[in-house]
Each structure stands twice: as structure tokens, then as C-alpha cells.
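Input: a single structure, listed below in C-alpha cells.
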Amino acid sequence: MTDATEVKAAPAKPRKPVESGVPDPMQYMHPVMLKNYGQWSWHERPRPGVLRHVAKSGDEIFTVRAGTQRQMDVYTIRKLCDIADQVGEGHVRFTTRSNIEFMVASFEKVPALIAALNEAGFPVGGTGNSVSMISHTQGWLHCDIPGTDASGVVKSMMDMLHKEFIAEEMPNRVKITTSCCQINCGGQGDIAINVQYTKPPKIDHSRVGMVCERPTVVARCPVAAIRPAIVNGKPSLEIDEKKCVCCGACYPPCPPMQINSAESTKLAIWVGGKHSNARSRPTFHKLVVANLPNNPPRWPEVEEVVRKILYAYKDDAKHWERMGEWIDRIGWPAFFERTGLAFTKHHLDTWVGSRNTMNMSAHVRF
Amino acid sequence: MTEDLGKSPDKHATPRLDELESGPWPSFVTGLKRLRDSEDKPYAGMVNDLMGQLEHSYTERLGFWKGGTVSVFGYGGGIIPRFSEVAEKFPESKEFHTLRVMPPAGFHYTTEVLRQICEVWERHGSGLIAFHGQSGDIMLQGTTTDGCQKAFDELNEMGFDLGGAGPALRTSMSCVGAARCEMSCYDEARALRTVINDNLGEMHRPALPYKFKFKFSGCPNDCVNAIHRSDFAVIGTWRDEMKVDQTEVKAYVAEKGRKYTIDHVISMCPTRALSLNDDDTLDVDNKSCVRCMHCINVMHKALAPGEDRGASILIGGKRSLKVGDLMGTMIKPFVKLETEEDYQALKDFGREVIDFFADNALEHERIGETLDRIGLPAFIEALGIDPDPNMVRHPRTSSYVRTDDFTEEAEKYFVRKGLRPDGKAQAAE
């Protein structure tokens, strides 16, 4: 289709990528960590937010851990770099939960690091039995299918939890997660704040035929509630709304099947997820409350429930019991009583294998 | 917030986002405003419109991004394309793509390299970076289609490479591990780089049925959440006896008290493998220990993993979509990870599993779903892995299975265990 008379400059030769893969961390690692790689002996926490690791060689490394907003502007990153250069030793790392860690070889440097971080507004903590940073997703800022925001929910919750981040006063670690859709990219948590859709998708029949690969969408439905249909003379899809479980799985491959709406997209709170193998096996989180409003910019209804659950756990759990282990001991009846939350038919699982979640015994608590 | 009083009228009002500037936690909104107000920078207008769109989302309670197809030359993945559905209102952020960039294993950085990344992203992007995404990527958030190539070229020259997106091998994560942790049971960074860097074709040219994730944790504390969140979880463990320093055990009991030690260490052992002796030393039944880590975590000066270290491999973890959450299942209770050959063997096994996934999974099926569909026996037979009682919580409870080759299978077990084929006689010895 190009015009033969048009004179075009030869396109610049595109640069071929160097498939270098995962960078070698050794080039960036603190020299004391590099020297003692694989040769560590023990550690302790002199105070919340500070770790002291001792190597078999006798060398020591001190780590100061601080919370960040994860979605950082370059000015924030440079501020953290300035702190590391001025009062640290120029080496940092990040944790799985987006905390930043500053490593220094002597304890004398720790107080100045803490002071500089606090001065710049970065909370020092997130170690030991604290409430660490919430692992979260992208939300309205960047995701193409979000039911809510991520950074805003996390900012709101961490403002409330700040005092538990900078202390180590919980029975065990508390890992909180958020997810902006039911895919649950935020993962499992002691407390999980996840979008829960409450209505079947609303279908824009004028666009389905143009935008969606219909057999793919039909196959994506976990309960076979979607079938091809001709609507207003156009190829589209229809939903058996009695079957639909409102999971949203059809929405990513077919955006005209809008699962979100300002009113029907709700938030649910889940508890008792655990990644670690310590004591009990890893567990999934369990539903405790649904139908909380998606209420930006501060989500106060969610905050209230999170606070109730967290402090019921803090008040009653034994040292080293994670949220799920505490509930295993006291039982679900006591959990619902102590948190003041309602137990409903929706807590009875209906998915594949759900009978295994029921109490198949005469063990009861009163 | 008072700084807003002087802002120029073309900046979008963001009353809802402004409420996220108060409170003690660092505010991403304040950070976005710093970018928006950098009027000498190319991204100021883009971030202004980004904030306008985000405020619009906070008002309407809906998202306004759609996906698309954007890549850099030579690669088919690694960019998350975002096009605005409300670009007529917010034109400068109509394209707001993310580059997923693989971090150094263990997330170690110098300030020098962080500053270099910032410079690249000021030249070619929005100035907004997340350390890190849930798959472990450095997420450079917000650039145009043109900016993707420019930013990638510069980052690639610095030694960074794009991560995974779409139906492909994904970016991996490893814990801090051997770099700073006494619980580390193998070289996590080496394992990650050995496995991932030999399979980059699967990452950069997406052709798998769906995503495939490896994660590497140095011990069963699983600090990178591998069992829940990866298709192929490598979890450090050990085969011999845990190490006990009885002097330190006594010191712990003296400090914490006997009742505390019994209630919070001994009684919390999930398999009753611990006992406190009358002289306040510790008795460990290592055959019953399941390597859960609790006692080592709590008494970390007194207790440590054993010397015969390596890893367990669990396969099939994933998040909800679409059959529900699945955890990884124990497939290899122990692989030694010490020599170069050991790491190559891990890489080879990873490759075999990827190949099996590519050949056998249905479209949009994770390998955990494939396992559920075909059953574990078919999977381990295909990969030449022997059945092992560590694979189950308990043997089957359903009688609906054809067992006419049970005796032959039992003989294979006795041969593997080094017992005579007629295991009865051996058992009597």
C-alpha cells in the first residue's frame, strides 16, 4: 500500500537484545555478605527493624529494614540512595514484601541510619513478630481488570498498622495481602483483603463479536455458564445467571463482559493463610466477611474489620501462633464471637472438594 | 498538601487522592505529585494525566486501562501494554506501558545501579518504579510504545534483561538465603540463575500453554512463598540430623524459663519430635522431624539445619484462576545441591518439567491443573520419577483403581530400597 513516489529513509537497524537473563547479584552485594556467603552462623534482632547476623568467621552485618510505598517515584528512590550513601554503606536490598534493607558492617552506623530514615518519613520495622508491609497488586493505577485500587488500600491500611510495623508485639508474624480481583495476585495472607464480585457480568452485545474469541471465553468459565448466542442479530455470548459464580474469569479474555461496577464490586476479608511450613503446613486463607463496600479513598469499612480481627488475634493468640493456628486452637465459633463477625451460609464452601472442609466428626465447641 | 495552593490551573484536581497524603506511611500520591510537578522533565504531563485518570477511577470506582500488544525488537514478552480508555480526557497518559525487568537474584542493589535505573526511567518513562511486582520484577511503570524500546536498550546495555509476561516462563524470585541467612540450605541465587538463564527462550518468546513460575526458598520458612505461588518450588532442606548446640539450649532455657520452652518450643513441634531432658538439654527424634523450622527459628543460636543439605521440589502451585487456588505438591523430597553437577541436574529436571507442560497442558492450563486432570501417577511416570510416601499425606482412600500390577510395582519398590524382591524375607531380618 505504500506510495511508490514516497522517499523513505532506510529505517535504523533495530538493536538486537542481549539475552543476559537474571543479573548476577554478587556485583551488587555488600562485601561482608559476599565474603561470608553461605557461612552464616546465627542472628538476633537488637530492636524492631534491625537485624544482626553473625558469620562463622566472626564477621557481622547489621540490617536496618524500612517500609516503602512500593510504587516509588525516582525522587523517593534517590532519597533512599542518599541515605544509603551518607549514613549507610551504599548497599541495599528489597524484601519479598517491598521493604528496603540497608546493610552496614558495624552497629555504630545503625542509629544514624534509623534517624535518617525516620527523618525522611520511612518507618523502620517489619521484622520479627510485627505486621509487615502488605503485599499487593496494581489496581486502578495500572491493571486492565481491577475491581479496586491497590496502592490506596495499602496506604490506608498501613497508616493504621504503622504502629504495629515499627513494633514486634504480635504473637507471630502477620502477613497481610490485597488483591484487586478474584485472581488473587496478592496471594495468601494471615489477613487478605480481596475484591469479591457480586453480580454476573453485564454484556455489551454490540462488541462481543468484534472483540472476543468466543470459544475461548466459553472455555474459560469454571462452571460452564457461558454459551454462544445471537443477540440483536449479532454473534455474542449469554450467561446462565443462575449458574454464574461471579468469578470474573471471562472478563480478561472478553472485556465487553464487564464484571465490575461501582456498586457491585465489593471487598471480602479472608484469614488464616500461611506460606511458611513452620509448625503447621502451609494453608489457604478462609472467607470471614464479604460485601464490604469498595469505598475509596480510605476504605474505612475494611479498616474496621481488619482492626477487629488483628486485635482479637493479638489479645488472645499464644506466642508463635499464626492467625490460622490461633483459630485452629480456639475454633471457628470462638473466632466469630470474639471478632463480632457473622457466620452465614456463604461460609460453607461449595467448590470441588468442599466436603473436606466440613467438620466430619463429633468435635464441637460451645 | 499546602503546596497545591500554588499549582497551575492545568493540573488536574485530585481531592480523593489528596486524602492519601496524610498519615504516617509513605504516600505514593505524594510521590506521583513530585513527578507531576517536575515541569522540566518530559514526564510531568504524563503523570499529571495519570493522576487525572486515577482520580477518575477513585470517583467512578472503575478501572480505565485496556491491554494490547507491545514488545521490543527480538522479544515477544516482558512489556505490559496499557492503553487508556479515557484518553480523550487524559491524552498524555494514553499509553502507559510497564517494562518488567528481572532483578538481580535476591534483590541486591548498589545505590549506583539504582540511580542508573532512575536516570533511564527519567529519560524514557514516567519516573515511577515499583520494587518489586508480585512475580519479582522491577516494574518500570508508564511509558509510550516508543519509550519501551529506548528504555529497554539502555537497561539491556547495563546488564538487565526483560522478564516474563503472558504464556511464558516468568521472572523468578529467591530469598536472601546464603547471602545473609544461617537457615540457607543451598545457593539460592545460583540455582535461580542456573535454571532461568538456561531457559530464556521460553521467557522472551512466549509459546507455552500458560505461565510457568519457578521460585527458590532456602529453607521451609519459604520466604518467597514458593509453595503457594509457583509452578515449580525449590525449598531448601536437609537429610541428616539437625545440629544442636546443647550449651546454647541450656542458655535458652535459663533465659526463657522451662515452662516457656516447653510450651512454645517443645509442644509446638508438629510431630512431637522434641523432648526437654531433665538437665535442660534437648532430645531430638530426627526420624520424626519434618523440617518445619519452628524450633530452629525460635532457638536459632542453639539449633541449625543439618549438614547434608539440598532441596525439596514441589510442583503445581498457583492462584485462583480458574479452578481455585492450588499448592505445590511434593514431587522430589530431596535433591542434593552442592556440586556443579547437582545444579545442572536441577536445571535439567526443570527443563523436563517445562517440556512436559508444553507438550501436555491444555491452553490456559497451569501445570497444577494438568496434574489434577491426569493424576499424579501419570505425571511421575512420564517424568521417570519413582513414587515416594513423602508425596502423600496419606495413601488413597478410594478403592476405585485397577491394581492388577500391584505386585510388580511393589517389587520395584523393594528393589529401589535395596531390599530383595521378596521383601517379606528381608523385612523379617
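Determine the total buried accessible area between chain B and chain A, counting protein heavy atoms only with a 1.4 Å probe; round to the nearest 100 Å².
Working: alone 22820 and 20710 Å², together 33330 Å².
For B against A, buried area totals roughly 10200 Å².
Normalised by the empirical 2.2 N^0.38 Å for globular proteins, what value does the Cα Rg of the protein assembly as shown take?
Working: Rg = 26.7 Å, N = 795, 2.2 N^0.38 = 27.8 Å.
It is 0.96.
Can you give the log10 of the normalised intensity I(q)/I(0) at q = 0.10, 0.16, 0.19 Å⁻¹, computed with Debye over equal Cα scatterers of the range A:39-174?
-0.35, -0.84, -1.11
Throw me the Rg/Rh for the range B:1-165, computed over C-alpha atoms with Kirkwood Rh, two decimals.
On the way: Rg = 16.0 Å, Rh = 16.6 Å.
A ratio of 0.97.
If you split all Cα-Cα distances of the range A:179-268 into 5 Å bins from zero, what percentages do you get per bin, shortest first?
Cα pair-distance distribution for the range A:179-268, in percent: 3, 15, 24, 23, 17, 10, 5, 2, 1, 0.
Return P(r) of the range B:112-178 (all Cα-Cα pairs; 5 Å bins starting at 0; whole %; ordered from short to long distances).
Taking all Cα pairs of the range B:112-178, the binned fractions are 3, 16, 25, 26, 19, 8, 3, 1 percent.
Using protein chains only (no ligands, no nucleic acids) and a 1.4 Å probe, work out which residues of the range A:42-66 have their accessible area cut by at least 20 Å² relative to the chain alone.
Relative to the lone chain, where solvent access is computed with a 1.4 Å probe, the range A:42-66 loses at least 20 Å² at A:42, A:43, A:53.
Among A:235, A:255, A:146, whose mean-square fluctuation peaks in a Gaussian network model of chain A (Cα, cutoff 10 Å)?
Ranking A:235, A:255, A:146 by mean-square fluctuation puts A:235 first.
With Kirkwood's inverse mean 1/r over C-alpha pairs for Rh, give me the Rg to Rh ratio of the range B:87-240, two decimals please. Mind showing how you got there, number by number?
Working: Rg = 16.9 Å, Rh = 16.5 Å.
Taking Rh as the inverse mean 1/r over Cα pairs, Rg/Rh reads 1.02.
Mind checking the mean number of beta-carbon atoms from other chains within 10 Å of the Cβ atoms in A:297-305? List each step's numbers first, then the result.
Values: counts 11, 5, 0, 0, 0, 0, 0, 0, 0.
Mean shielding by partner chains, rounded to a whole number: 2.
Taking every eigenvalue of the Cα gyration tensor of the range B:243-304, multiplying by 5 and rooting it, what semi-axes result, largest first, whole Å? Working shown, then result.
Working: eigenvalues 54, 28, 23 Å².
Each semi-axis is √(5λ); the values are 16, 12, 11 Å.
Ordered by packing density, taken as the mean number of other Cβ atoms within 10 Å over each peptide's residues, highest first, how do B:224-231, A:56-63 rank? Don't skip to the answer; put the middle values down first.
On the way: B:224-231: 26.6, A:56-63: 17.1.
Descending packing order for the listed peptides: B:224-231, A:56-63.
Given Cα positions, please report Rg to Rh for the range A:178-230, the hydrodynamic radius being the Kirkwood one. List each step's numbers first, then the result.
Values: Rg = 14.6 Å, Rh = 13.5 Å.
That ratio equals 1.09.
Restricting attention to the range A:195-280, which GluC sites (Glu not before Pro) occupy a DSSP loop and are surrounded by at most 11 other Cβ atoms within 10 Å?
Values: sites: A:213, A:238, A:241, A:263; in loops: A:213, A:241, A:263.
Sparse-neighbourhood loop GluC sites (Glu not before Pro): A:213, A:241, A:263.
Please compute the average number of Cβ atoms from other chains found within 10 Å of each residue's Cβ in peptide A:142-154. Show your work: numbers first, answer last.
Details: counts 15, 5, 11, 4, 5, 3, 5, 7, 1, 8, 10, 1, 3.
Across A:142-154, the average partner-chain Cβ count within 10 Å equals 6.
Using just the Cα positions, wrap the range B:175-319 in a convex hull and report its mean projected area in square nanometres, one decimal place. Could you put the intermediate results ahead of the total?
On the way: hull surface 39.5 nm².
Over all viewing directions, the range B:175-319 projects a mean Cα-hull area of 9.9 nm².
Averaged across orientations, what area in nm² does the convex hull of the alpha carbons in the range B:288-429 project? Could you put the intermediate results ahead of the total?
Numbers: hull surface 50.9 nm².
Here the figure is 12.7 nm², rounded to one decimal.
Taking a Cβ-Cβ separation under 4.7 Å as the criterion for a possible partner, which cysteines of chain B have none?
B:118, B:148, B:181, B:185, B:219, B:269, B:289, B:292, B:295
What does the convex hull of the alpha-carbon atoms of chain A project to on average, in nm²? Working shown, then result.
Values: hull surface 108.0 nm².
Quarter of the Cα hull surface area: 27.0 nm².
To make sure I understand the rule: partners must be lysines, Cα under 16 Å from the Cα of residue B:11, and not fewer than 8 residues away in the same chain. Which ones qualify?
B:33, B:41, B:89
With every protein chain kept in place and ligands, DNA and RNA left out, what is the accessible area per residue of the range B:299-427? Probe 1.4 Å, answer in Å².
Details: 7250 Å² over 129 residues.
Dividing the accessible area of the range B:299-427 by its residue count gives 56 Å².
What span do the alpha-carbon atoms of chain B cover on each of the three principal axes, reported in whole Å from largest to smallest?
90, 57, 41
Which one of B:206, B:395, B:91 has the biggest mean-square fluctuation once chain B is modelled by GNM with Cα springs under 10 Å?
Result: B:395 has the largest fluctuation of those listed.
Once ligands and nucleic acids are excluded and a 1.4 Å probe is used, how much of residue A:283 is accessible, expressed in Å² to the nearest 10?
40 Å²
How large, in percent, is the carbon and sulfur part of the accessible surface of chain B at a probe radius of 1.4 Å? Could the numbers behind the result be given before it?
Values: 8820 of 17760 Å².
The computed percentage sits at 50.
Within 10 Å of each Cβ of A:210-221, how many other protein chain Cβ atoms are there on average?
Numbers: counts 0, 1, 0, 0, 0, 0, 2, 0, 0, 4, 3, 1.
The per-residue average across the peptide is 1.
Under a no-solvent Debye model with one identical scatterer per Cα of the range A:75-149, what's log10 I(q)/I(0) at q = 0.14, 0.22 Å⁻¹?
-0.55, -1.04
Please work out the Cα convex hull volume for the range A:216-366 and give it in Å³ per residue.
Details: hull volume 25.0 nm³, N = 151.
Taking the convex hull of the Cα positions in the range A:216-366, it is 166 Å³ per residue.
Within the range A:174-247, report the trypsin sites (Lys or Arg not before Pro) that DSSP leaves as loop and that have at most 15 other Cβ atoms within 10 Å.
Filter output for the range A:174-247: A:242, A:243.
Accessible area drop of at least 50 Å² (1.4 Å probe, protein heavy atoms): which residues of the range A:90-138 qualify, relative to the chain alone?
Those residues are A:92, A:93, A:94, A:96.
The values are calculated or read from the model by the stated rules, or taken from the named source; none is laboratory data. These numbers come from a predicted model, not from an experiment. Glycine also receives a Cβ, built like all others from the backbone with ideal geometry; neighbour counts cover every protein chain displayed. Note: areas computed on protein heavy atoms with side chains; ligands, DNA, RNA excluded. Shrake-Rupley method; radii C 1.70, N 1.55, O 1.52, S 1.80 Å.
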